[in-house]
Amino acid sequence: MNAELFTSVAARLRPRMLSIATSFDADSAEDAVQEALMRLWATWDQLPAPADAERLAVRLTKHACIDEFRRRQKRQTVALQVVETTRAAAMTDTTDEATLQRAIDRAVEALPPAERRLWMMHAEARMNSQQIAAATAIEVRSVSTMLSSARRHICETLKRGGLL
Amino acid sequence: MKKQQSELLDRYLAGDAPQHPERLMVPTEDELNEAEAAFDRLMAERQSDPAKKARMRRLWPWAAAAACLLIVFGLGLTWPDRQPAQPAAAIAKTENNNEKIVKPEVRKDTVAAPAAPAEPKAIPASPSRHRLAKHYLAKTQRTIPDTLGSDLWESERNVMLALQMLSECGEAIQRGEQATRNLVVEAEYRSAKSPFNETDAQPLIELVANEYGDYHIVAANQENIIDI
């Protein structure tokens, strides 16, 4: 299916996906929908028809909800262990690329939730402003503004870390 | 910052260098099925959660009590609207059919609500009617609300206006009383001067008014008739 069709299908599917995710966990519903739509976009070329996209979107949403649920449970039980492991990895990993990637991850994590979701769609899924607008129910102009703001925040964080 | 790092960062900020491609990997069919089953199971568990049910059971009496209070207050608020408009009433028994008649009764210490014409209304005898009548009496014995505020008389202008209104009211009353008195005097005079008077001789009387406009009947003899 072509990329233009994704915009209309995503805009139509989003409310249903959000309803499913909200019924499971309202706090992480937006994140789950974002993840599901990013994966739907990644496999969009291989989907034969919009009906298949709808079925897959529902299943991806449920998968994202369960994924986030398990991540949270894991975070609660082994939080201390994760922190220690990360520190150890940071000490031993000396490659520049890895350093930059960690710094970027931290900068993205520090973004406000809405900006972070848009930025992930832009930077990781390579979605354009129209597609992001359809996937998030935000105006295209606002999407562009928020992406610029996210980019500025990331640069400022990297500057503070001495990487720019 | 090395050139390689700088290029990577530029590409990332332009959206051309994803850092986590694994996040875009579509799960396999088995993973999706497993996640879907887990999702449905968790949702079913949440809906039949015994702790949730127990919490709802604990809250049930409070919810019922709140609903009862709402109903009682709701009825209390709407009660006067659903009753026929009547003033404070007294209930008396009739002799023939053991029914009760509601008679209007004027209360001097309170102001009654606007009332329907004081037609006695027969209502069936019922023990609850006594309570309802008392309840309605209490509702109708309202005092006039102080809608103007307690600081009404702190304004000198308001006091002047009130005095002026009182004065005008007194004058109007006096004018009314004078007009009534004059009508009576005039009627006496006309009856005395009437041609159908039983006595043939017409009395020598005249109707005069003093400087305040009060009518008087005077004897019209030579002493008090002044030729102008």
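In what order do B:Glu168, B:Glu31 fall by count of nearby beta-carbon atoms within 10 Å, going from fewest to most? Spell out each step's value before the answer.
Values: B:Glu168 10, B:Glu31 15.
Ranking B:Glu168, B:Glu31 by Cβ neighbours within 10 Å, fewest first, gives B:Glu168, B:Glu31.
Which value, in debye to the nearest 20, gives the size of the charge dipole of chain A about its Cα centre, when Lys and Arg are +1 and Asp and Glu are -1 at the Cβ?
On the way: 23 positive and 21 negative charges, 47 e Å.
The dipole of chain A has a size of about 220 debye.
Projected onto the charge dipole of chain A (+1 at Lys/Arg Cβ, -1 at Asp/Glu Cβ, origin at the Cα centre), which of A:Leu158, A:Ala133, A:Pro15 gives the Cα projection farthest towards the positive end?
The listed residue farthest towards the positive side: A:Pro15.
Hey, rough spin-label estimate for B:Gln5 and B:Ala172, points 7 angstrom out along Cα→Cβ, what's it come to in nanometres?
9.6 nm
Calculate how steeply helix A:29-42 sits against the longest principal axis of the alpha-carbon atoms of chain A, using the helix alpha-carbon long axis, and give the answer as 0 to 90 degrees to the nearest 10.
That works out to roughly 80 degrees.
Between A:Arg71 and A:Glu156, what is the spin-label point distance in nm, taking each point 7 Å from the Cα along the Cα→C-beta axis?
If labels sit at A:Arg71 and A:Glu156, their model points lie 2.5 nm apart.
Between B:Glu188 and A:Ala3, what is the label-point separation in nm under the 7 Å Cα-to-beta-carbon projection?
11.5 nm
To the nearest 0.05, what FRET efficiency results for B:Glu206 and B:Glu154 with a Förster distance of 56 Å applied to their C-beta separation? Working shown, then result.
Working: r = 56 Å, r/R0 = 1.00.
Computed FRET efficiency for B:Glu206 and B:Glu154: 0.50.
As a footprinting exposure proxy, order B:Val72, A:Val140 by other Cβ within 10 Å, with the fewest listed first.
Working: B:Val72 10, A:Val140 14.
Neighbour counts put them in this order, fewest first: B:Val72, A:Val140.
What size of dipole, in debye to the nearest 20, comes out for segment B:159-219 about its Cα centre when the only charges are +1 on Lys and Arg C-beta atoms and -1 on Asp and Glu C-beta atoms? Walk me through the numbers on the way to the answer.
On the way: 4 positive and 10 negative charges, 20 e Å.
In total the dipole reaches around 100 debye.
Between the alpha-carbon centers of segment A:100-129 and segment B:1-34, tell me the distance in whole angstrom.
10 Å
The numbers here are math on the coordinates, done by the rules we state, and not lab data. The structure displayed is predicted, hence computed values, not measured ones. Here the Cβ is made from the backbone with ideal geometry for all residues, glycine too, and neighbour counts use every protein chain on show.
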